[in-house]
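Notes follow the structure.
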Amino acid sequence: MDERAVRTATTTSIVVRLTLAATFLVFCFRLYSLQIVSGESYQEQAAVNRLREIDTYAPRGVIYDRNGEILARNRPSFVIAVTPADLPADDLNTDIDEQRIALERLLAVLEANTDPEMAIRIAEVMFLHLGREDFRNTVESAGFSLSFRLIDVEVIELDDEGREVVKVEPTLIPDFSEPLPIGGLLALLERAVAHGTQGSSYKPISVLELVDRERAFQVAEETYQLRGVHVLQKPVREYPYRELAGHVLGFLGPIPKLAAENYKERGYEDPNEPVGLNGLEYEYQDSLRGLPGKRLVEVDILGRESRTVNIVREPEPGLNLSLSLDIRLQEVMHNALARQLEETGAPHGVALAMDPRNGAMLGLVSLPSFDNNIFSEGLGAEYKALEVEDDTRRPLYNYAIGGLYPPGSTFKLVSATAALAENVITPYTTLVDRGPIYLPNFFFPDDPTQAQEFVSWNHKLNILHGSMTIVEGLGLSNDIFFYYLGGGYPDFMVGLGSERLAKWMRLFGYGETTGVDLPGEVRPIVPDEQWKRLELAESWTTGDSYNMAIGQGYVLGTPMQVLVSTAAVANGGYLVKPQFVQEMVDAQNQLQWQYEPVIKERVPVDPGLLAFVQKGMWHAVNGNYGTSPNSRVDGITVAGKTGTAEFCAYDPEIQDCTDRDHEGNLPFHAWYTAYAPYEDPEIVVTVFVYSGGEGSAVAIPVAQETLHAWFHDLRP
Amino acid sequence: MIRHFDRPLFFAVLLLCGIGIAMTYSATSTNVALTDYWQRQLFFTILGAIALVTAALFDYRHLELLAQPSYFLLMVSLVAVYFVGEVKNGAQRWLNLGIDVQPTEAGKFLLIVFFAWYLSRFQDRIRRLPYLLGAVILLLFPLVLVYVQPDLGMTVTLAFISGTLILINGVRLTHIFLGVAATAAAWPILRGTLQDYMLRRIEVFLDPGSNVDAAFSVRQALISIGNGGWLGLGWAEGTQNRLHFLRVRHTDFIFSVIAEELGFIGTVLVLMLLFFVIWRLVRIADLAQDQFGRLITFGVASLIFFQTFINVGMNLAILPVTGMTLPFLSYGGSSLVSMMVAVGLAQSVVMRHRKMDFA
C-alpha cells in the first residue's frame, strides 16, 4: 500500500472507532434514561399491565321456612365449554378442517346426534350466544330451515327512581320443538367459536349448561383428549319446592340493562352477575349476596390469570334467611286453591295466611304459579322461562299484592267497625230487611219509577232477613243493613257517608301498601267525593255510599289488604305489616338481624265495640243461617266473612263488561277471609278466586282446609 | 497461523450466543408451542461454531475467484424469487428448495465478497467516476430486486454494507456530493414506490399514535426496559416478558427482555460485548494483509454493526420498527449461523495477516 492509502486507512479506522464508541455511548445514555431516570414510571406501567383486581363471588344465602326446610339453595352444576384459542386451528395446507372435526367429536360425545333433547338444549344455548338474527342466518346458510313464533316477554325493570315497572316486549324466538340436524348444530357451534375468536379467544364459550356431576365427569373423561373442551363449575340456584312458593321466593337473572347503573352504584361490577329479579330474592338481594371477595391476580396480555398475587379480601357469604312461611301449609293452600280453580275454571286466585299478632306471613299462594327453577337453570332454560311469560294468565304476576279487586262483602268489616265507632249505630241497633230499597232520583224525587233499586243477595233467593243487629247483619252478610250504614236513608237515618267511609277505609290500611317484604305491591286509591269529582267529574251520591259500604262500586283492594284488615279485626284493632323474613343468620350461624314486628297505628275503635264485629264474623261461621258454616274446623272456633264481588272487566270491542250471564248479571269474584281461634286468634286466612262466583262455595273450602291443616296437622 | 486466531473475538461471540440461548429460553418458556426453541438455538450455536472454525480455516483469498460467480448466483436467485418465489405475509422473499430459503440471507455475503473483490481489484482506479459508477450500478441491480420483494430492511442493509465498503475503499468528496444529489433527485420517485407498510413504520416512528398496533409494541418494549431498573427482575422473571406484553420477544425484542431481566448493568455489559466484537473486527481489518481481506472484514463488521444499531435503536425507540434481529442474541438459526460464518471469514483474514509466518 502506498503512503496515501495507509494514511486513508488510519483515518478511516479512527473515524470507524469513534463512530462505534459514540453509538455505544448513545445507547448507554438512552438505557440510563429509560431504566434509571424514568424507571419508576415504567415499573408502575408494568404493574398496571399485569395486575388486576378480580371479584370472587360469595355463596348466596340459603332461604329456610319456619321449620328449617330449605326453600332456596345453591346446587353445584357444570358447564361444558370450548375455549376457541385452545381448539386445534385449521391447517390450511390440508383439505380437512381440524377445528370442525374437533367440534364434531364434541357433539358426538354429548350425544347430540342421537339424543334429540340434547340437540335442543345445545341449540338453545347457541341461540342465546348468537341472538336471533345471527342464529337464523347461520342455520339457514347451513341449509336448514327454521320456524319462528312471537311471544310477549314481560320483565320487571327499575325506573329512574328505583321503582319496579313491568315492561312487555314482543320477542321472536325460534321454534325448538324439532331438534336441529347435526349439521345445523355444527354450523352454530362454529359460528359461536368464530365470534369468540374475535373477542378474547381465551374466554370459554358454553356449549351445554346445567350438566349434573355424573354426566360432567363422564364428559370430562371422554373429552380429555379433545383439546379446547373444558368442564367448568357454575353454581345454580335451586328451589326444591318448585312452583309451591314461586311468587314468594322469586328468581335470579343477570342484572337488567335498564337498572345497570343503579346496581353499579351499589357495587355490582360484573353486569352479568345473577341478581334477584323478583320475590324475596329481589327484596333481600344485598343481604343474600354477601360481599364478593377481591383477589389481586397477575394476568397476561390476553387477560388470562396466571397466578394470584394477593387475596385482598375474602368473600363473605350471604346471609341465610329464615321465613315465617310454613312450606307444608303453603302446599295445602296451593293444592286446595289449584283444585278449586280447576273445578270452577277460574283463571287465577290467591290464598294468604298470616299470624295476626305480628304479621308473620305463614303462606302466600298466587295461582297460576311458576317453577322458579327454570329461571335460574342457566341459559338454556331461560328459553323455557319465556314460555312461562308467554302464558296469557300471566303466571309471573303476584296477584296477592299486584291485583286490585272489589273486596265485596269482606269490606263490611270496615263499614261495620266505622258505623260502630262513629256512633251511626249501637251494637244493639236493629235494622230491618223488608226487601229491596229504593233511592229516590235526585232530580225527580217524587217519581218512584225513576228511583234506584238496591237489593240484597238474599232477595234473589226470595229470602228476607227481617230485623237484625250488626252481629246478624255481618253473619248473614245482609246488604240492606249495610246500605243503611253506608248511606243512611232519607227521613229515617243518617249513614256514614263518603268522607267517613273513606276515613275508615284508610284507617284499615287500604290507602297504603301493606309493606309486605315483596316487590311489586300496588297501592289502590280510596274513593271519596273529591276523588270522584276529579276523576269522573261527577258528584258523590248516596248510591255510591251504599255500594262502598258493601265493598262494591269504586272500592278496590289487593287480597293482601283484605288479609291485613281482617287481622286488624282479629287482633283487636292493630294494623300489622305482613312480613316473610323473620331472621337473618350469617354463615357462622350468628344472628345478624331479627324482625321487630311493625304495628302501625291502632284502628281507633273501642275494643268493646270491635268485639261485635268479631262476633259478627263468629256468627257467619257458627250462628244460625250464617254464610259460612262450611269453614268450621273441629275443636277450633273459626270466625269468617264471605265476599261475592261483582266486577266488570270492560271489553272495548263489545263496549260492555265481559262474562255476563244470560240474565245480564255481572260475574263475581269469590272471597273468603277468616281467622281462628276466635278466642285467641293466631292465624288469618284470606282466599280470593277471580271470577270464582259465590264466595261461600269456591273460596271457603280453601280456607277451611288451610285452617284444618294448621290446627290439626301442622301447628307445632 | 493458528496463533493468530482471534480468541477474544471467538469467546466473546460464544458468550453472546450463550446469553442468546438463555434469553431465548426465558422468552419462550411461557409459550407451550415454543418451549424447545432454546434447544434449537443451542443446536444452531454448535453448528455456527463449527461453521465459524471451518470458515476460519478456509483461505479467504480463494474467495477472489468466487467473486464473479457470487454476484451471478445472487442475481439468478433474486430473479428466481421474483418469478417463482414463495409469498409469505405479503412478501415474496423465499425460494422453495425442499425447505424455504431466503436468498438475501446469504446474499449479504455474496455481495460483501463481490464488492470486496471489485473495489480491491480497481482500487487504484476507483477515484475515477466510471469505476465508481460501475460499482453503484452493480449494486443497484440486486437492491432493486430486493426492494420490490418488498424488503426495505434488507435493501437498506445491503446498501449500508456496500456503501460502507465503497466509502472505506476511498471516494472523492465531490463524488459523495454527486451521490447525495442524485439520491435527493430520485427521492420523489422512490417515495412513490415505498410500500404502505414501510410508510406506516416511518409514520409510526414520527407519530406513535398513528398505528396502534406498532405503537403498542414499541410502548411495551419501553415499559419492559424501564421495568428492569438497575439490576433487572432476574432471568425468566420479567413480567412484561413472561406475561407476553412484549411481542416477538425471542426475535425482534430480545433486547428488551435482556433489559427487563438483567437491568441496566447487565444490558450495558451485553452491549459492551457486542461492541467489543465489532471493535475486534475493525482491528482485524487494520491488520489485514491485503485490501480484499480488509474490505471483507469491514463488510462483516458493518453488517454486525448495522443490525445491532437498527435493532437496539428500535428497542430503545430511537429508530423506527423494522423486523431486524440482534446478531448472536435473537432467536433464529439461519441468521445465527450466517453471523458465525461472517466472523469465521474475519478470523480467516486475521489468521493470514502475516504474509510469511514461520513461527
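The values are calculated or read from the model by the stated rules, or taken from the named source; none is laboratory data. Note that this is a predicted model, so its numbers are computed, not measured. Quick reminder, even Gly has a Cβ in these numbers, built from the backbone with ideal geometry, and neighbours come from all protein chains shown. Heavy atoms of the whole protein, side chains included, go into the accessibility calculation; ligands, DNA and RNA do not. Shrake-Rupley method; radii C 1.70, N 1.55, O 1.52, S 1.80 Å.
Ranking B:Leu329, B:Leu233 by solvent-accessible area of protein heavy atoms (1.4 Å probe, all protein chains present), from largest to smallest, gives B:Leu233, B:Leu329.
Across region B:149-164, the residues whose backbone nitrogen lies under 18 Å from the label position 7 Å along the beta-carbon direction of A:Thr19 are B:154-164. The mean accessible area for residues of the protein assembly as shown, using a 1.4 Å probe and ignoring ligands and nucleic acids, is 44 Å² per residue. For the protein assembly as shown, A:Cys28, B:Cys17 have no disulfide-compatible partner, since no other Cys C-beta lies under 4.7 Å from theirs. Temperature 25 °C, viscosity 0.890 mPa s: under these conditions the Stokes-Einstein estimate for region A:327-714, based on its Kirkwood radius over C-alpha pairs, is 114 µm² per second. For B:Glu86, the residues whose modelled amide H falls within less than 5 Å of its own, excluding neighbours fewer than 5 places apart on the same chain, are B:Arg93, B:Trp94, B:Leu95, B:Asn96. Derived scalar couplings between HN and Hα for region B:35-52 equal 5, 8, 5, 5, 5, 4, 5, 4, 4, 5, 5, 5, 4, x, 5, 4, 4, 4 Hz in order, rounded to whole Hz, by the Karplus curve 6.51 cos²θ - 1.76 cosθ + 1.60 (θ = phi - 60°), x for Gly and Pro.
Taking the accessible area of region B:2-351, probe 1.4 Å, and keeping the other protein chains in place, the carbon and sulfur fraction comes to 69%.
With 18 Å as the limit, the listed pairs A:Lys412/A:Lys615; A:Lys412/A:Lys577; A:Lys412/A:Lys600; A:Lys412/A:Lys641; A:Lys615/A:Lys641 have A:Lys412/A:Lys577; A:Lys412/A:Lys600 beyond it between alpha carbons. Taking amide H positions as modeled 1.01 Å from N, with prolines and chain starts lacking one, the residues under 5 Å from A:Ser306 and 5 or more places away or on another chain are A:Glu298, A:Val299, A:Asp300.
A simple rule links phi to the HN-Hα coupling: the Karplus curve 6.51 cos²θ - 1.76 cosθ + 1.60 with θ = phi - 60°, which for region A:545-555 gives 5, 4, 4, 5, 5, 9, x, 10, x, 8, 6 Hz, with x for Gly and Pro. In terms of Cα atoms, the Rg and Dmax of chain B work out to 20.7, 64 Å. With a 1.4 Å probe rolled over the protein heavy atoms of all chains, the accessible area of A:His669, A:His195 falls in the order A:His195, A:His669, largest first. Note on B:Glu86 and A:Thr8: the model spin-label points, each 7 Å out from Cα along the C-beta direction, lie 4.4 nm apart. Taking region A:403-435 and a reference point 7 angstrom along Cα→Cβ of A:Ala451, the backbone N atoms nearer than 15 Å belong to A:433-435. Summed over both chains, the area buried between B and A is near 3500 Å², taken from the accessible surface of protein heavy atoms with a 1.4 Å probe. Which percent of the accessible area of region A:6-149 is formed by carbon and sulfur heavy atoms (probe 1.4 angstrom)? Percent of accessible area from carbon and sulfur atoms in region A:6-149: 54. Computed from Cα positions, the angle between helix A:378-390 and the longest principal axis of chain A comes to roughly 30 degrees. Each residue was assigned an accessible area with a 1.4 Å probe, and for A:Tyr57 the value is about 110 Å². Residues A:Glu117, A:Glu124, A:Glu653, A:Glu596 ordered from highest to lowest accessible area at a 1.4 Å probe: A:Glu653, A:Glu596, A:Glu117, A:Glu124.
Here the Gaussian network model covers chain B, with springs between Cα atoms less than 10 Å apart; of B:Gly293, B:Gly228, B:Gly85, B:Gly85 fluctuates the most. Using the rule -39500 (n - 2.57) for each DSSP H run of four or more residues, divided by the residues of chain A, the 222 nm mean residue ellipticity is -11000 deg cm²/dmol. Using protein chains only (no ligands, no nucleic acids) and a 1.4 Å probe, work out which residues of region A:31-50 have their accessible area cut by at least 30 Å² relative to the chain alone. So the qualifying set is A:Leu31, A:Tyr32, A:Leu34, A:Gln35, A:Ile36, A:Tyr42, A:Gln43, A:Gln45, A:Ala46, A:Asn49, A:Arg50. Taking all protein chains as they are arranged and a probe of 1.4 Å, the heavy atoms of A:Trp457 leave approximately 100 Å² accessible to solvent. So for the pair B:Met272, B:Val53, with labels modelled 7 Å out along Cα→Cβ, what separation do we get in nm? Using points 7 Å along Cα→Cβ, the separation is 2.9 nm. Between A:Ala537 and B:Val148, the simple spin-label model (points 7 angstrom out along Cα→Cβ) gives 9.0 nm.
Quote the FRET efficiency, to the nearest 0.05, computed for B:Thr30 versus A:Ile101 with a Förster distance R0 of 41 Å and r equal to the Cβ-Cβ distance. After rounding, the FRET efficiency stands at 0.90. For chain A, the C-alpha radius of gyration sits at 1.32 times the compact-globule guess of 2.2 N^0.38 Å, with N the residue count.
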